[in-house]
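One structure is given here, and the rest of the page talks about it.
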Amino acid sequence: MGKTEKKIRAVKGMPDVMMPDIKIWQIVEETAKQVFSTYGYHEIRTPILEHTELFQRGVGESTSVVEKEMYSFVDQGDAALTARPEGTASVVRAYIESGQCTIDPLTRYYYMGPMFRRERPQKGRQRQFFQIGCELMNVESPFADAEVIAMADHFLRDVGIEGLKLELNSIGCPKCRPSYNSALVEYLESAKSKLCANCVRRLGKNPLRILDCKKAECNKIVEEAPRFSKYWCSDCVEHFDAVKKGLDSLEVEYTLNEFIVRGLDYYMRTTFEFTTDKLGAQNAVLAGGRYDGLVKELGGPDIPGVGFALGMERLVLLLQQTMKDSQIEDLIYFAVIGESARDAALPIMQILRRDGVRVEWDYAVKSLKAQMRRAAKLNAESVVIIGDDEISKGQAVVRDMRAGTQQEVRIKDLPMHFVDIGG
RNA sequence: GUGGCUGUAGCUCAGUUGGUUAGAGCGCUAGGUUGUGGUCCUGGAAGUCGAGGGUUCGAGUCCCUUCAGCCACCCCA
């Protein structure tokens, strides 16, 4: 390593994931695949880069994600591309492009992968962040909403998360939202002087967002604001009632929260968040909702959809608090002393590995003591000791690290010895 | 993009009103046992004190600039 060269660092907000955290990531991914497949979902892998227009139209031109957070660039062939800031738009694009709706009356997808948003990093938020999401296409039934939420709940339980709250809301549909919007704006205009500066700005752009402003001054005003529930059209009321009924049947507990508002334009009717109070400002671990207009918006037929996405980093932060790092089990450590011992041990180790036994050794020439120390540190269940004595006798010493006992085993018989015992 | 806090060994941090060769614990490593671990004891390696500039006889310590990290706003998973 040169002294004068600058260290190359990871890009801001794009950290490496390695041991011990990677263990938790793998458990989360495995659990997701397992649970989602029991509900009939299949994985879809879409590209990380898409045409910028996809997100402009799908996520919404005026959302802050599209306005100022996307990693967009023009490639060498003059194509305007963007590193996906979320997963749903890509999945819907693929769904349309493949003509899937003409092949199958309904389709269930799940995906996992990195997303990119250029925000200021903070707790539970990175610029490259990993999402696992699900999309259920072409089902209008409110029981689709309920089942999707129940599946999320099922997954969170299986992965070992505790203490999350499910908050549920409906943000109406294109039929009833405009009338609520204008009622809300009218009310807020009258109280404009008491709102925080941010909310005054939101008034013109995205009044719904004022509902979940955290400032105390705004909360007071919001408390008196007209309720969306009073403005729902009959279809929305009916739909929401059925979603709640579905959740009851599926035994999922929820609390209603009229202030759950999603920040992406495509959501309508059902919206939900699984929240925690243990992640500072980022309380949403998994969130989603229904997006019936999106497929059409992206040039497909008028087809409904419902889904969710979860933030891996946030989930892992929570799991770190409950999961102990898993100890390496079933490890056989080879302590070899001298070159002839090493040469005798190498083929044995390889046979064991081919049988699925986990084997490690130290490549350097080290004292037996040092090798034993390392074996203990790795929590090996057994250590095979081979030195010149063992070579001449044809017998290795096998030490049981838990019991502290040891026995002699013929070197030739070592594979059988461990395969039989360890399974 | 806007604020606040923090940058001293791989990690967690001490470093007194600026004063000689920069410290501890953990970790790593070697020994205490001709070839036997998790406890204990002893040694060792490892830091251009985030970077650049300034004040001073002298700066880890004071001033300026800059970079990075963390947290919050905004927004979202």
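The values are calculated or read from the model by the stated rules, or taken from the named source; none is laboratory data. On a predicted model such as this, the values are computed, not experimentally measured, just so you know. Positions of Cβ are backbone-derived with ideal geometry, glycine not excepted, and every protein chain shown enters the neighbour counts. The protein model used for the area step is the full one, side chains on, heavy atoms only, and it has no ligands, DNA or RNA in it. Shrake-Rupley method; radii C 1.70, N 1.55, O 1.52, S 1.80 Å.
Considering every residue within the range A:60-71, establish whether at least one is among the hydroxyl-bearing types (Ser, Thr, Tyr) and open to solvent by 90 Å² or more (accessible area, probe 1.4 Å).
no
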(message) Please go through the range A:93-127 and give me each residue that is surrounded by fewer than 18 Cβ atoms within 10 Å (Cβ to Cβ), part of a strand (DSSP E or B) and within 12 Å of RNA strand B (Cβ to nearest atom), ordered by number.
(response) A:Pro114, A:Gln122
(request) Looking only at the range A:349-363, count how many residues are under 11 Å from A:Val336 (Cβ atoms) and open to solvent by 40 Å² or more (accessible area, probe 1.4 Å). (result) 1
(message) Take A:Asp388 and tell me if it is touching a helix residue (DSSP H, G or I) at 6+ places or on another chain (Cβ under 9 Å), in contact (Cβ under 8 Å) with a residue 24 or more places away in the chain and under 26 Å from A:Pro20 (Cα atoms).
(response) no
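Which one of these is open to solvent by less than 20 Å² (accessible area, probe 1.4 Å), in a helix (DSSP H, G or I) and not assigned by TED's automatic domain parsing to the domain that holds A:Leu208: A:Val295, A:Val252, A:Val261?
Unique residue meeting the criteria: A:Val295.
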(message) Checking the structure you have, find out if any residue of the range A:376-389 is more than 12 Å from A:Ile332 (Cβ to Cβ), more than 44 Å from the chain's Cα centre (by Cα) and either more than 10 Å from RNA strand B (Cβ to nearest atom) or open to solvent by 50 Å² or more (accessible area, probe 1.4 Å) (or both).
(response) yes
(message) Test of understanding: among A:Ala335, A:Ala344, which residue is farther than 27 Å from A:Tyr41 by Cβ, touching a Gly at 6+ places or on another chain (Cβ under 9 Å) and in contact (Cβ under 8 Å) with a residue 24 or more places away in the chain?
(response) A:Ala335
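Please specify each residue of the range A:34-55 satisfying the condition of being in a helix (DSSP H, G or I), of a type outside the set (Phe, Trp, Tyr) and either open to solvent by less than 60 Å² (accessible area, probe 1.4 Å) or in contact (Cβ under 8 Å) with a residue 40 or more places away in the chain (or both).
A:Gln34, A:Val35, A:Thr52, A:Leu54
Return the total of residues in the range A:262-318 being farther than 26 Å from A:Asp21 by Cβ and more than 7 Å from RNA strand B (Cβ to nearest atom).
27
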(request) Show the residue pairs that are 6+ apart or on different chains and have beta-carbon atoms under 6 Å apart, the first residue being within the range A:287-310 and among the small types (Gly, Ala, Ser), the second being open to solvent by 10 Å² or more (accessible area, probe 1.4 Å) and modelled with pLDDT of 95 or more. (result) A:Ala287/A:Glu273; A:Gly300/A:Ile96; A:Ala309/A:Gln131
(request) For A:Glu238, indicate whether it is at pLDDT 85 or above, at positive phi and open to solvent by 20 Å² or more (accessible area, probe 1.4 Å). (result) no
(message) Going residue by residue through the range A:341-357, is there one that turns out to be touching a Ser or Thr at 6+ places or on another chain (Cβ under 7 Å) and outside any loop (DSSP other than H, G, I, E, B)?
(response) no
(message) Every residue in the range A:402-411 that is near RNA strand B (Cβ under 10 Å from one of its atoms) and either touching a residue at least 60 places away in the same chain (Cβ under 8 Å) or farther than 15 Å from A:Ala380 by Cβ (or both), please.
(response) A:Glu408
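Kindly evaluate A:Gly246 against the criterion of being within 27 Å of the chain's Cα centre (by Cα), modelled with pLDDT under 80 and under 19 Å from A:Val306 (Cβ atoms).
no
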